[in-house]
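Q: Take this structure, written in structure tokens, and hold onto it; I'll ask about it next.
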Amino acid sequence: MTKRIKKNNDKKILPPKSIRNEQSQPINSENPLVIFDKINIEIMKYIWKNPDIKSSEIAEKVDIPLSTIQRRRSRIENSSLLRKSFDLHYHRLGMRTADLLIKITKGDVERIVDQIIEKHSKSVLEVTVRIGHPDVNLVVKIVYKDNDEIYEIMRTVNTIENLESIQWSEILKEITVDRDGLIENLLSRVRSI
């Protein structure tokens, strides 16, 4: 059972003393959105595995009252910590995906990204700016139909000023992994959001 504490007209929910520890104390004690205690971590693991899971199923699996799960799940989902999204299976549509590995020597990276998106908005899935590899500081994930299309994309991108080199790496298969350990590892480093 959780305790409700009223302070400054804000309701706060704290986990039971048997579950609460030093790591689950909120960083911002004025208005914590989510406290990462054992219950919330378990809820997040189930939501991350299956975003459509019913709260009643979680309650049954973790042996906690449904009302507690519903209240905590609502707080977790409203915290904007998790995003629910859909992925399109490009391969089923006969499309291929690749990363363009780009080295920019100087200039405004945002301007260069805008130029790439302007020229290839129908192919660009994602753009990320990177550090750590001397020959790659911009990665553009694209979707394309065949070798002629990726060649044309690379040819036009290569004409952008301050772009020193461009390589590509095709994504053949994405492998899903069990993320239980990842969730616990990430949330053990943060107390609350």
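The values are calculated or read from the model by the stated rules, or taken from the named source; none is laboratory data. Because the structure is predicted, anything quoted here is derived from the model rather than measured. These accessible areas exclude ligands, DNA and RNA; they are computed on the full protein's heavy atoms, side chains included. Shrake-Rupley method; radii C 1.70, N 1.55, O 1.52, S 1.80 Å.
Q: Under a straight-distance cross-link criterion of Cα-Cα below 16 Å, which aspartates and glutamates are reachable from K106, leaving out those fewer than 8 residues away in the same chain?
A: Cross-link targets: D114, D135, E161, E164.
Q: Students sometimes get this wrong: rank R83, R73 by accessible area, probe 1.4 Å, all chains present, largest first. Please report the intermediate quantities before stating the final value.
A: Values: R83 220, R73 25 Å².
Descending order: R83, R73.
Q: Using a 1.4 Å probe and ignoring any ligands, DNA or RNA, find the accessible area of S74 and quote it in Å² to the nearest 10.
A: 50 Å²
Q: Tell me which aspartates and glutamates have Cα within less than 16 Å of K38's Cα, excluding those fewer than 8 residues away on the same chain?
A: Hits, sequence-local ones excluded: E22, E60, D63, D180, E184.
Q: Can you give the accessible area of S123, probe radius 1.4 Å, in Å² rounded to 10?
A: So the heavy atoms of S123 present about 10 Å² to solvent.
Q: Using the structure shown, select from K45/K145; K84/K173; K122/K173; K54/K84 the pairs with a Cα to Cα distance greater than 26 angstrom.
A: Working: K45/K145 36 Å; K84/K173 22 Å; K122/K173 22 Å; K54/K84 15 Å.
Violating the 26 Å Cα-Cα cut-off are K45/K145.
Q: While we're on this one: Shape verdict for the range 82-193, please, from the Cα gyration tensor: rounded (a/c under 1.5), prolate (a/b greater than b/c) or oblate.
A: Numbers: a/c = 2.26, a/b = 1.39, b/c = 1.62.
In terms of gyration-tensor shape, oblate.
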